[in-house]
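**Student:** Can you read through this structure? Questions will come right after.
The values are calculated or read from the model by the stated rules, or taken from the named source; none is laboratory data. No experiment lies behind these values; they were computed from the predicted model shown. Quick reminder, even Gly has a Cβ in these numbers, built from the backbone with ideal geometry, and neighbours come from all protein chains shown.
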Amino acid sequence: MLSHEDVWAAIDALAKQHKLTPSGLARKSGLDPTSFNKSKRITASGRARWPSTESIAKALKATGATLDEFMGFIPSNRAVQGTKRNKVYAEGPPRYTQPPRSVPLLGFAQAGAGGFFDDGGFPAGQGWDEVPFPADQREQVYALEVSGDSMMPLYRDGDVIIVAPAAQVRKGDRVVLKTCEGEVMAKLLARQTTKHVELKSLNPEHDDRVVPMKDIEWIARILWASQ
């Protein structure tokens, strides 16, 4: 599974490959110059702050790097002592040595139909295509292909999002939710209680939603987006 340290290490390596500092990469990507700074990687309360898929996509576009190239910067071997990582990379993190594996792919329209998921939101049944994705073999993930413009500007028609149904979802995460009536939507998790889930639309032209828990078939965190 991708860790917080892995993703930031890949961003640092991408910047170094293009002879940029993290702030230089952010500027080149059209972001706030401090977006990739080390001080922005942990919140004031000590919680890990992840880079958004949108900021990573902009960095890839600005440098001309592909998703596979970016994933190649993910550290494949980490030396751990106690609770602290002590591996030092002389020339940036080593290349990702695990070959990509095929993960199930389905379109949003198909995802709303029955027979493709089990009760936990995991792929089931027949009719799935496949796409390569360099994820841990033990991690259960699948891919959904975006259709339409309801998720613009973050996700566009034809983008592929990688979903981790077993991952814990928290406030601020981008999630995919399927209702008991078969509606599938990708939104930002604004709040979750025992009675309902509040979702913020990624597209300002579409309304935010409040969905009762009894009407939710499953909800899963968006792990990655290929754009």
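**Student:** Of all residues in region 161-183, how many are β-branched (V, I, T) and either surrounded by fewer than 20 Cβ atoms within 10 Å (Cβ to Cβ) or on the phi > 0 side of the Ramachandran plot (or both)? Give the steps one after another, and end with the answer.
**Tutor:** Our first condition is that a residue be β-branched (V, I, T); within region 161-183, this holds for 161-163, 169, 175-176, 179.
Keeping just the survivors that are either surrounded by fewer than 20 Cβ atoms within 10 Å (Cβ to Cβ) or on the phi > 0 side of the Ramachandran plot (or both) gives 169, 179.
Residues meeting the conditions: 2.
**Student:** Residues in region 198-210: is at least one within 22 Å of G72 (Cα to Cα), of a type outside the set (D, E, K, R) and not assigned by TED's automatic domain parsing to the domain that holds S55? Quick ask: steps written out before the conclusion?
**Tutor:** Taking region 198-210 first, the residues within 22 Å of G72 (Cα to Cα) are none.
No; the residues of region 198-210 include none that is within 22 Å of G72 (Cα to Cα), of a type outside the set (D, E, K, R) and not assigned by TED's automatic domain parsing to the domain that holds S55.
**Student:** While we're here: Could you check region 34-53 and list, in sequence order, the residues that are more than 22 Å from L223 (Cα to Cα) and modelled with pLDDT of 90 or more? Outline the logic, then answer.
**Tutor:** Of region 34-53, the ones more than 22 Å from L223 (Cα to Cα) are 34, 39, 44-45.
Once the filter is applied, which keeps residues that are more than 22 Å from L223 (Cα to Cα) and modelled with pLDDT of 90 or more, region 34-53 yields only T34.
**Student:** Still on this structure, please answer the following. Say whether the condition of being farther than 18 Å from D118 by Cα and touching a helix residue (DSSP H, G or I) at 6+ places or on another chain (Cβ under 8 Å) is met by at least one residue in region 174-181. Spell out the reasoning first.
**Tutor:** Taking region 174-181 and keeping what is farther than 18 Å from D118 by Cα, we get 174.
After this cut, where a residue has to be touching a helix residue (DSSP H, G or I) at 6+ places or on another chain (Cβ under 8 Å) as well, the list is 174.
Yes, there is a match, as at least one residue in region 174-181 is farther than 18 Å from D118 by Cα and touching a helix residue (DSSP H, G or I) at 6+ places or on another chain (Cβ under 8 Å).
**Student:** Being under 24 Å from R47 (Cα atoms) and modelled with pLDDT under 85 is the filter here, so list the residues in region 187-205 that pass it.
**Tutor:** Correct list: L202 only.
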